[in-house]
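Input: a single structure, listed below in structure tokens.
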Amino acid sequence: MLLPIQQNLTREQGDTYSLVLSAVGIAHQIHQEEAGRAIWVDEADEAAARLHIEKYEAENRQPLPDASSETARIQFADGAIVALLLLLLHMLVSPNQHHFIERYGASAAKILSGEIYRTATALLLHSDAVHLVGNMAGITLFGAVVCSINGYGLGWLLILFSAMLGNGLNAHLHQALHMSIGASTAVFSAVGLLAAHQFWRKIQQPGQRVKAWLPMAGGIALLAMLGTGAGRVDVMAHLFGFVCGFAIQILYQTLLWIESRTELPPSQQPTCLWAAIFIMGISILWPLLR
């Protein structure tokens, strides 16, 4: 007689517990039920199966990180470092700002003519101190949280790629005399990445699928509050940044799900960080090397 020992499981949980039982030679079946996956074993194996799963959970249970832990401080320090680099760069280019905007700004016409590097370099330029300070705060907060979720290397790579894609789509939308600068596209890319991460977590949990749409609504609300307004606010760049961030995070989570993994191996984080630095470095140097 078969009995259920675990129910309402996600696909990942079901696969993990199945591996645990297979490793100790306990025959079992995985059933897909309305509320999620369930693991069934023979009545004679019930006690042993429960024991091995409980032992696995005890060995792999980790406390939630405290907000004041060293890891959290390091992540926020990373965000602050990027913000300070934006400040330093603004101070360096301010005396000849118009020249740098002409050479590195996200000109729609020039991006469409092949100067793709502008989708990255435009993120480094700001029109004034108010524009800069707002983006420094945003990248420190949201960038740090993205890195705490995806890792310090992959986090920045995804933010950069999402923002570049957002600037590229914005150029395709305008198709004319349009110039965009500022890290705000990257800030809203980070918001999109975070919203997608929360959406994915909840959509995987039985009984939470309606609530899964709340993070998306929250992200859109942030976009409405912070990404729109009077003056020279490039609303579409912000929107494209958010949408691209959301889509790229969903794509990343899907790849992890297909490979039955929960995160990128820590050993690959430095490679991702250097990739982000390389992309930005090449983008800055490209017009000088032509």
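Every read-out reported here was derived from the displayed coordinates using simple, explicitly stated rules and does not represent laboratory data. Computed from a prediction, not measured in an experiment: that's the story for all the values here. With ideal geometry, Cβ positions are generated from the backbone for all residues, glycine too; neighbour counts draw on all protein chains shown.
Going by C-beta contacts inside 10 Å, put S260, S283, S184 in order with the fewest on the left.
If I rank by nearby Cβ atoms, fewest first, I get S260, S283, S184.
For L289 and H99 in one chain, what is 0.36 nm times their gap in residues minus the Cα-Cα distance, to one decimal in nm?
66.7 nm
Before rounding to the nearest 500, sum -39500 (n - 2.57) across all DSSP H runs of length at least 4 in the chain and divide by the residue total; then give [θ] at 222 nm in deg cm²/dmol.
-22000 deg cm²/dmol, from helical runs alone.
Is region 2-60 rounded, prolate or oblate when judged by the Cα gyration tensor, a ≥ b ≥ c being the square roots of its eigenvalues, rounded requiring a/c under 1.5 and prolate requiring a/b larger than b/c?
Oblate, since a/c reaches 1.5 and b/c is not below a/b.
Could you tell me whether region 83-149 comes out rounded, prolate or oblate from its Cα gyration tensor? Rule is a ≥ b ≥ c as square roots of the eigenvalues, rounded for a/c under 1.5, then prolate if a/b exceeds b/c, otherwise oblate.
Oblate shape, in that a/c is at least 1.5 and b/c is the bigger or equal ratio.
Over the chain, how many percent of alpha carbon pairs lie in each 5 Å bin up to the one with the longest distance?
For the chain, the binned pair fractions read 1, 5, 10, 14, 15, 13, 10, 8, 6, 5, 4, 3, 2, 1, 0, 0, 0 percent.
Using only the alpha-carbon atoms, how far is helix 184-203 inclined from the longest principal axis of the chain? Give it as 0 to 90 degrees, nearest 10.
10 degrees
Counting Lys and Arg as +1 and Asp and Glu as -1, what is the net charge of the other residues whose Cβ lies under 12 Å from the Cβ of I149?
Computed value for this residue: 0.
Can you tell me how much longer the chain between I203 and L251 gets when fully stretched, taken as 0.36 nm per residue apart minus their C-alpha distance, in nm with one decimal?
Gain on stretching I203 to L251: 15.8 nm.
Please list, by residue number, every one of the GluC sites (Glu not before Pro) in region 22-57 that is coil in DSSP and has at most 12 other beta-carbon atoms within 10 Å.
E34
What angle, in degrees between 0 and 90 and rounded to the nearest 10, separates the Cα long axis of helix 46-60 from the longest principal axis of the Cα atoms of the chain?
In the chain, helix 46-60 runs at an angle near 30 degrees to the longest axis.
To the nearest 10 degrees, how steeply does helix 269-289 sit against the main Cα axis of the chain, on a 0 to 90 scale?
20 degrees
Extending each Cα 7 Å along its Cβ direction at H31 and W274, get the distance between those two points in nm, one decimal.
Output for this residue pair reads 5.2 nm.
Round to a whole angstrom and tell me the spacing of the C-alpha centers of region 132-155 and region 17-41.
39 Å
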